[in-house]
1. So how far apart, in nm, are the two label points at Lys190 and Arg167 if each is 7 Å from Cα heading toward Cβ?
2. What list of ³J(HN,Hα) values in whole Hz, one per residue of the stretch 187-192 in order, does the Karplus curve 6.51 cos²θ - 1.76 cosθ + 1.60 (θ = phi - 60°) give from phi, with Gly and Pro shown as x?
3. Pop out the ³J(HN,Hα) list for the stretch 72-80 in order, Karplus 6.51 cos²θ - 1.76 cosθ + 1.60 with θ = phi - 60°, rounded to Hz; leave Gly and Pro as x.
4. Rank by packing, highest mean first: peptides 184-192, 170-178, 57-65, with packing defined as the count of other Cβ atoms within 10 Å averaged across residues.
Amino acid sequence: MMLAAAESSSSIAPPKQETTIEEAGLRQLLTIHRVYVDRLTGGETAAQMRDMLVSSLEGSKLFLITENQERADTFLRGAAEDLVYTDVHNTSEEINARTNLGTSRNIRGYNGIGNGNSINGGLGVGESESSHIEERRHEAVAAVRLVNKDGDVIWSTTQESLGGKFRRASTDVADRITKRLIEDYERAKKLPALNPAASGTSRH
């Protein structure tokens, strides 16, 4: 009886653990309560991007966004850049064609009397085309990460945007970061529980 019990217990599979570092990080997203958005590196435009991120994350209602880093359990850090520049394109094309045709004949007799024929022709064609185009462009990029109090990175993403007709590139980048965070948060909620008993799937 004891041997049968031992064999029965050895055949029970151990509880499922995290299979990847990413999965472990996703699980930690569910434990976040307060997030402090730290200063981003990248100059004045990075400071503007921070404000965009604070506004976008606050609107998501995933976490409480705090300006008191002492109360935060997680920190959003990274770098951002917002560029406005002019893209210049210069092109030049030139086509040239030239044809020449010439024939000459001179015949003299013994008495010095002779005749000559001469045909000369020429054809030239030239064409050139050039263009100068200046296009104003707006581009923003940000690489951010969520870091817990132990200094471990639990989530990260890099987003970039060229903006749109009615939307600034920096605003679009901030919203893309928030959208990605929401998607990963929802993925974390769908992960199976580590302890089968906690998920209610255990058998008695």
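Please treat every number below as a calculation from the coordinates, not as lab data. What you see is a predicted model, and the numbers here were worked out from it, not measured in a lab. Cβ placement follows ideal geometry from the backbone for every residue including glycine, while neighbour counts extend to all protein chains displayed.
1. A separation of 2.3 nm, rounded to one decimal place.
2. Each residue's phi maps through the Karplus curve to give 4, 5, 5, 8, 5, x Hz.
3. The phi angles translate into 6, 9, 9, 10, 9, 10, x, 9, 8 Hz.
4. By packing density, highest mean first, the sequence is 170-178, 57-65, 184-192.
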